[in-house]
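For reference, the structure discussed in these notes is given below.
The values are calculated or read from the model by the stated rules, or taken from the named source; none is laboratory data. The structure presented is a predicted model; accordingly, all values stated were derived computationally and were not measured. Cβ placement follows ideal geometry from the backbone for every residue including glycine, while neighbour counts extend to all protein chains displayed. Heads up: the accessible areas ignore ligands, DNA and RNA and are worked out on the full protein's heavy atoms, side chains in. Shrake-Rupley method; radii C 1.70, N 1.55, O 1.52, S 1.80 Å.
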Amino acid sequence: MSVPSEHLLVLAAILFGIGVAGFFLRRNVIIVLMCIELMLNAANLSFLAASRMHTLANGGQPDTQGPIFAIFIIVVAAIEAAVGLALVIALYRNKQTVSLDEVADLKN
Amino acid sequence: MQSPQGDYGWLWWIPALPLLGSAVCALLHFLTLRSRGVFAPKAGGHGHGGHGGHDHGHGKHGHDDHAHDDHAHDDHEHSVPAGIGALAHPIAALAMLGAFILSILAVKDLAAGGEQLTSIESSVWHWIDTGAFNIDISIVIDRLSAVMVLVVTGVGFLIHVYAGGYMKGDAGFAKFFCYLNLFVFSMLMLILSSSLLGLFVGWEGVGLCSYLLIGFWYEKGWPAEAGQKAFVMNRIGDASFLIGSFLLVHLFGTLDLSDIAAAVQGKLGEDGVSFQLLLAGLLLFGGACGKSAQLPLFTWLPDAMAGPTPVSALIHAATMVTAGIYLVVRLNPVFAASPELMLVIGIVGVLTAFVAGSTALVQRDIKKVLAYSTVSQLGYMFLALGSGAFASAIFHLATHAFFKALLFLGAGSVIHGMHHEQDMHRMGNLRKYMPQTFLTFLVGSAALSGLPLLSGFFSKDEILAHTFANGGVYYVLWGIGLLTAMMTAFYTWRMVALTFFGPERFDTKKFQPHESPAVMTIPLIILAVLSVIGGALSFPPVFPAIFHPEFLHHWLHPVLQPGEELIAARGAHALSHTTEWALLGLGSVVALALAHAGFRKHMAGIAADEATAARSPVRTAFLSMAWGLDAAYQKLIVGPVRLVALMISAVIDGTFIDGFVNGAGEVALSFGSRMRAMTSGNIAAYGLWMGAITALIALIFVWQR
Amino acid sequence: MAGLAVAAALCVVLARNPIASILALLASFFALATIYLLAGFQMLAAAQILVYAGAIMVLFLFVIMLLNLADEKPMARVDTAMFLRRNAVTGMLVAGALVGIGAFAALQASGALPAIDPNAKLPEGGIDSIQNLGEAMFSRWLLPFEVISVLLLATAVAVVVLAKRNRGPQAGGGKGS
């Protein structure tokens, strides 16, 4: 293919950065979780890009580590999303809010 | 130095006995304190050990300004029973007696050895052993230290006996004897050491004990200041001493006293050595000035009268103040090598004698008269040293120990009997009440003033004769010396007249003066006898041979030989017999005349003193303050030094050091409070921190490639 | 595609309405899937859509609907308020730093990796053909595979427990994944 793998990596970096920004900036817990997903996706992308680079460098020999690991990451992301959301529900029940600003229980 | 024949290992018992005595007395003191309940825990109590807590609350008098305050009230606790502490007296006195007996035995052995045996020694301890520089601590009895040790232990023993009576009832009875014995130990170390370093150890030790003993009644306030003054002035001298000894090490590579003395002659030929010797001698002499209270470092001695009278007798008449003389005689070749240095020593000595003598003329406190007299007589000893008459200096040292100790103890007896009155203007006619004290005091005064045939006469005359013999500028020194002798006779008999004769200037209804107990008067009698016969140590050479004239000189010859050879090389001076007799006669006449004058003028009472004061108040004030030297020191030295110290403590200590330390605390505190703000519970903030650190790690990671 | 992915991501972050965020996320998933495909990862592209877009997004939507977080009133498209929060600037700086470092590293990496054979072509069926993946998964990566399945089981249990109410039942039981 014609798209150079480095560009994929840069794209992954950008997406990751956006996810991080959102993680810091948003108040809403659920949005924050979504940003986490975004970051995971970016990581996925970078893995695949690297795998592609290796494949091309090895003269077509497929490097399966990338995709395998990407699959694992997807699974883990799903798990984490599920658990996170369950926590959000529990949080909402106790505090009636999903705003991070008001959930400063760890204060001091 | 000849090697000793026989085993003299027991020599070190001489200083060890007083040391042991001191330790035992310390223990007794501790026990006494315990029996008084000082160490018992009590609510709200001082828990402060010491003199039974009898605080007079005199407070700070601002004594720096008047060194000559009439501290006429030698107040101290009288009535405290000593309990087990009373044992301290016999123990301390016995230690002294033991040391004295051992000294006699040692000297006997030395004397039996004849001309060949110059010393017996016993090595105690190898202190420093570096191959190139070795210091051995050993006890040496040679001819010079024989004389010194007999004087120190003998007179010391008598004073110890006396002190048992004088200090009776004092709350710190055992402590006193502890200090006294410690002092004697240090003094013995000083005299008996083979090495300059051991001497210095003793030197410092006596300084310390002097401080402790002067300030013995520190609750009164001013004795503590006096002790401090003595110590600091001594210290200045000590610094000079140290630098001088460094120079000696540099020159000779050793601190062994006899080695140095032997090596001086040989070294003199070399380049620059004579100047270095001059410098070393000058510095050592500076140390001697501090210890022996010469100009300019003498103002501590009158203040030292704040201590108990036995202390004044022992330390400031007979022993510590003679350490400087001993030093010079011991290292006589170092000093004799430079005639300029000898002249300086002579000048300093005679000037000190003059200034102190003139001050004694107008003192009212009986102890102060004696104090200035001591300074004056020490000046005579230095005059002797400066004239090359080393043996005469030692002779005068010994006789002075006898009669000055006698006078001090006698004064103590007077004070004791007068219930601690020290001002002569409030005494009078005491011969009626204290006959034994009176008679012995009379003998002592006669000796001091140089009345013929007593010990003081011979020693003083010998000094003046040697000074005269040197000729040239020494004639001037002789003249001043003669003047001082006149003053000595005058003030001595003024003292006698005011104290023991004339109308009674105290209220007989309030109290009756009483004679002192036997434990105090017997030492007086013994010392009186010594003061009379002490002259036999060194009759003038013009006396017939059966009197063994100049016995002391012959005895000390082996020690003095190097120095005397150096002096003789510059030209010998000898007096014709006629001149000698003339000087002897002059001395007698002068002493008798002035003694008579002084006595007559004052035997009627204090009218003469008051008249003098009225006629020339300025001169009286000037003299009574030791020519204003003390005040000068206050203004020029003590004041600025205190100011600098204050500045340093305020600025450097306050700003920098405190600032630094407090600042460290402040930093920790502020840092902590800022850290606390971080635990905000704000999750996003936590996340932010995590992200930031991750970025940092990533950065480092990338940077590594 | 890349641009679409970035745009979508930005929307996720910037949108005020959570529903909008979710939809944006969905869009970005689709974009990414396409990118995967174009890069030669067919299986993964499919997995991405199936799992991410299909299950996870649905999950998010369910939760938001359940908690009734969508606001009724009309509001601005972009959540500007968020930029005024404390540490906003710092956060963006950090994010930017990460981006920068990542990009920098990426561009450097091209020199570090073995040279790409210009004649090389991607294998038939893509790098992650089912056959390749299966071979790898069940040989070398067998253990992680098993562990992940256990983990999934555990998650299922955990979610049920976490979301369970202490008091009486209400809407919202467990969540299947």
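Side notes on the structure shown:
- Vicinal HN-Hα couplings computed from phi for segment B:296-309 (Karplus, 6.51 cos²θ - 1.76 cosθ + 1.60; Hz; Gly/Pro x): x, 9, 9, 5, 7, 5, x, 5, 5, 5, 5, x, x, 4
- Across chain B, C-alpha contacts under 8 Å between residues 6 or more apart give a mean separation that, scaled by the residue count, equals a relative contact order of 13 percent.
- Estimated inter-spin distance, B:W13 and B:S274, nm [label 7 Å along Cα→Cβ]: 5.0 nm
- Rounded to the nearest 10 degrees, the inclination of helix B:659-678 to the longest alpha-carbon principal axis of chain B is 10 degrees.
- Degrees separating the helix B:435-449 axis from the principal Cα axis of chain B, which is the longest one: 90 degrees
- The length gained by stretching the chain between B:V249 and B:A593 to full extension, at 0.36 nm per residue less their Cα-Cα distance, is 118.8 nm.
- Whole-number D in µm² s⁻¹ for segment B:602-705, Kirkwood Cα-pair radius fed into Stokes-Einstein, 4 °C, 1.567 mPa s: 59 µm²/s
- The average projected area of segment B:170-254, computed from the convex hull of its Cα atoms over all directions, is 5.7 nm².
- Approximate spin-label separation B:A262-C:N68, in nm, with each point projected 7 Å along Cα-to-Cβ: 11.7 nm
- Remark: C-alpha extents of segment A:33-94 on the principal axes read 57, 16, 6 Å, sorted largest to smallest.
- Compactness relative to 2.2 N^0.38 Å, alpha carbon Rg of chain B: 1.12
- Legend note: in chain B, cysteines whose Cβ sits 4.7 Å or more from every other cysteine Cβ are B:C209, B:C289.
- Segment B:252-293 - Rg and Dmax from Cα coordinates, angstrom: 11.7, 34
- Computed [θ] at 222 nm, helices only, for chain B once each DSSP H run of length n ≥ 4 contributes -39500 (n - 2.57): -21500 deg cm²/dmol
- Efficiency of FRET between C:V150 and B:L669 - r from beta-carbon atoms, R0 51 angstrom, step 0.05: 0.50
- Ranked order, C:F29, B:F157, B:F506 - accessible area, probe 1.4 Å, largest first: B:F157, B:F506, C:F29
- Gyration tensor verdict on segment B:477-540 (Cα atoms; rounded if a/c is under 1.5, prolate if a/b is larger than b/c, oblate otherwise): oblate
- Other-chain or far-sequence residues with amide H under 5 Å of B:S195's (modelled H): B:S138, B:L257
- Taking each of B:K168/B:K432; B:K291/B:K460; B:K108/B:K368 in turn, the alpha-carbon distance tops 30 angstrom for B:K108/B:K368.
- Within 10 Å of each Cβ in C:131-143, the average number of Cβ atoms from other chains: 3
- Calculated FRET value between B:A607 and B:I637, using beta carbons and R₀ = 45 Å, to 0.05: 0.70
- Evaluated over segment B:439-516, the Cα radius of gyration and Dmax, each in Å: 17.5, 60
- Paramagnetic label reach from B:D507 (point 7 Å along Cα→Cβ; backbone nitrogen cut-off under 11 Å): within segment B:364-382, no residues.
- Compactness relative to 2.2 N^0.38 Å, alpha carbon Rg of segment B:349-507: 1.05
- Here the 3J(HN,Hα) profile of segment B:629-634, calculated from phi with Karplus coefficients 6.51, -1.76 and 1.60 at θ = phi - 60°, is 5, 4, 5, 4, 4, 3 Hz, Gly and Pro shown as x.
- Once the Cα-Cα distance is subtracted from the 0.36 nm per residue extended length, the B:L94 to B:E340 segment shows a gain of 83.9 nm.
- Gain on full stretching of the segment that runs from B:L150 to B:L483 - 0.36 nm per residue minus C-alpha separation: 116.7 nm
- Computed packing ranks the peptides B:210-222, B:170-182 as B:170-182, B:210-222, most packed first, by mean other Cβ atoms within 10 Å.
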